[in-house]
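The values are calculated or read from the model by the stated rules, or taken from the named source; none is laboratory data. As the structure is a prediction and not an experimental result, all values here were calculated from the model. Glycine gets a Cβ as well: all are built from the backbone with ideal geometry, and neighbour counts include every protein chain shown. Just the protein is used for accessible areas: all its heavy atoms, side chains included, with ligands, DNA and RNA removed. Shrake-Rupley method; radii C 1.70, N 1.55, O 1.52, S 1.80 Å.
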Amino acid sequence: MTNQQSASPQPQPVTVIGLGPMGVALAGTLLERGHPTTVWNRTPERANGLVAQGAHRAGTVAEAVSASPVTIMCLKDYETMHTVSDSAGDAWKGRVLVNLNSGTPKEAHTAVSWAADRGVDYLDGAIMVPPALVGHPDSIFLYSGAQAVFDEHRTTLASMGGPRYLGPDPGLAVLYNAALLDMMYATMNGFLHAVALVGSANVSAVTFADLALNWFMPSVVDSSLTAQVPNLDSSNYPGDMGTLEMNLNALEHITRTCEEQGIHSDQPRLMKEIAAQAIAEGYSGKNYLAVFEVFKKATQAP
Ligand SMILES: NC(=O)c1ccc[n+]([C@@H]2O[C@H](COP(=O)([O-])OP(=O)(O)OC[C@H]3O[C@@H](n4cnc5c(N)ncnc54)[C@H](OP(=O)(O)O)[C@@H]3O)[C@@H](O)[C@H]2O)c1
């Protein structure tokens, strides 16, 4: 765990705990990159393929943690991480734990306290690629918390994918993860709902996607979003090219079209309600991005 070791040309021994689809991809990639790799999983058979590739299967969590200076945990959630980690007892002392499950910033902060109580160097992280892209040079792995731990083990972390350090607040990696996935799910739902809408007139997904996806980047992301992002930081929403009322009207048409066409209409109705709330809060003459002011506050009780 010294600077000398991390700078060594010999790949560092690593333990991977948690062999779901992601943990298997992490351990497999570490093996491919020459890291002596020890693995542990609640269901031991999931390690069979990795053992055939040269991984060492630990019999207990304590044995797994003791086998390497750095342990990567990739379990279902923080609760599982605590349950599994607690069984290793004193084996953790003086080791490094890089925890890559998703969760909430509060849970990440609790994990930091857990680690401090046991003398563990802790780094929190989040994986922003599917298992198939682990190890790919363009893959994004987010880290936050102890910068010294990140710096010392950056080479090992880079074996799994492109490491990005977000800052000393340990909750940042999972907060970014939630934010990026929030964007992903909303975008996917927008597309899927649009496909359902044209599908009500027997238009195929492939036919629609050819037009829609080529329209989306230049007309929505580039011209409406990218150019206006700085305005979000200054709460500046000039309505000279279109007002929130105009957008509310559009959302009303979309909702009614869904109803007429007999498809699910909750998603556009919710967007309509959010736009109406922004108008009620005084942003009527502003542009659509003023709904950001609604998003910044906790949901109001009905
Ligand atoms: N898969 C992806 O595309 C992807 C992408 C980015 C991030 N991630 C994140 O990576 C983490 C792991 O994801 P995953 O896809 O590998 O699968 P997962 O289903 O989220 O987690 C599976 C792992 O958790 C273990 N586990 C679950 N409950 C347990 C318990 N009570 N005690 C002990 N171990 C338990 C499983 O052990 P068993 O094998 O014994 O059931 C397995 O090792 C998640 O936090 C996920 O959000 C996943």
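How many residues are more than 14 Å from N236 (Cβ to Cβ) and open to solvent by 60 Å² or more (accessible area, probe 1.4 Å) if we restrict to the stretch 283-302?
Matching residues across the stretch 283-302 total 8.
Grab the helices (runs of 4 or more DSSP H) fully contained in the stretch 215-302, keeping just those with 3 or more residues being over 19 Å from T187 (Cα atoms). Before you say what the answer is, go through the steps one by one.
Numbers: elements: 229-233, 244-261, 266-278, 292-295.
Those helices (runs of 4 or more DSSP H) span 229-233, 244-261, 266-278.
Being in a loop (DSSP other than H, G, I, E, B), open to solvent by 40 Å² or more (accessible area, probe 1.4 Å) and within 13 Å of the ligand (Cβ to nearest atom) is the filter here; which residues of the stretch 82-103 pass it? Even if it seems obvious, please write down each step before you answer.
So in the stretch 82-103, the residues in a loop (DSSP other than H, G, I, E, B) come out as 87-88, 93-95, 100-103.
Retained after the next criterion (residues that are open to solvent by 40 Å² or more (accessible area, probe 1.4 Å)): 87, 93, 95, 102.
S87, S102, listed by residue number.
Is it the case that S102 is within 18 Å of L180 (Cβ to Cβ) and at pLDDT below 95?
Numbers: within 18 Å of L180 (Cβ to Cβ): yes; at pLDDT below 95: yes.
In short, yes.
Please state which one of A52, A25 is within 9 Å of the ligand (Cβ to nearest atom) and either more than 19 Å from the chain's Cα centre (by Cα) or surrounded by 13 or more Cβ atoms within 10 Å (Cβ to Cβ) (or both). Explain how you work it out, then say what you get.
Details: A52 fails: within 9 Å of the ligand (Cβ to nearest atom).
None of the others qualify; the one that does is A25.
H136 versus (1) under 18 Å from the mean Cα position of the chain (by Cα); (2) closer than 16 Å to V174 by Cβ: which is the lone unmet condition?
Of the numbered conditions (1) under 18 Å from the mean Cα position of the chain (by Cα); (2) closer than 16 Å to V174 by Cβ, the odd one out for H136 is (2).
Need at least 3 residues that are open to solvent by 40 Å² or more (accessible area, probe 1.4 Å), of a type in the set (S, T, N, Q) and on the phi > 0 side of the Ramachandran plot per element, so show me which strands (runs of 3 or more DSSP E) inside the stretch 115-199 make the cut, counting only ones lying wholly within it. Write out each step before concluding.
On the way: elements: 121-127, 140-145, 162-165.
Those strands (runs of 3 or more DSSP E) do not exist here; none qualify.
Given the conditions (1) near the ligand (Cβ under 10 Å from one of its atoms); (2) touching a residue at least 12 places away in the same chain (Cβ under 8 Å); (3) assigned to a helix (DSSP H, G or I), report the number of the one that K76 does not fulfil.
Unmet for K76, out of (1) near the ligand (Cβ under 10 Å from one of its atoms); (2) touching a residue at least 12 places away in the same chain (Cβ under 8 Å); (3) assigned to a helix (DSSP H, G or I): (3).
Looking at (1) outside the structural domain of R256 (by TED's automatic domain parsing); (2) in contact (Cβ under 8 Å) with a residue 12 or more places away in the chain, find the lone condition where A209 falls short.
Tallying (1) outside the structural domain of R256 (by TED's automatic domain parsing); (2) in contact (Cβ under 8 Å) with a residue 12 or more places away in the chain, A209 fails exactly one: (1).
Could you tell me which numbered condition T110 fails, if it satisfies all but one of (1) within 16 Å of the ligand (Cβ to nearest atom); (2) over 17 Å from the mean Cα position of the chain (by Cα); (3) open to solvent by less than 60 Å² (accessible area, probe 1.4 Å)?
(3)
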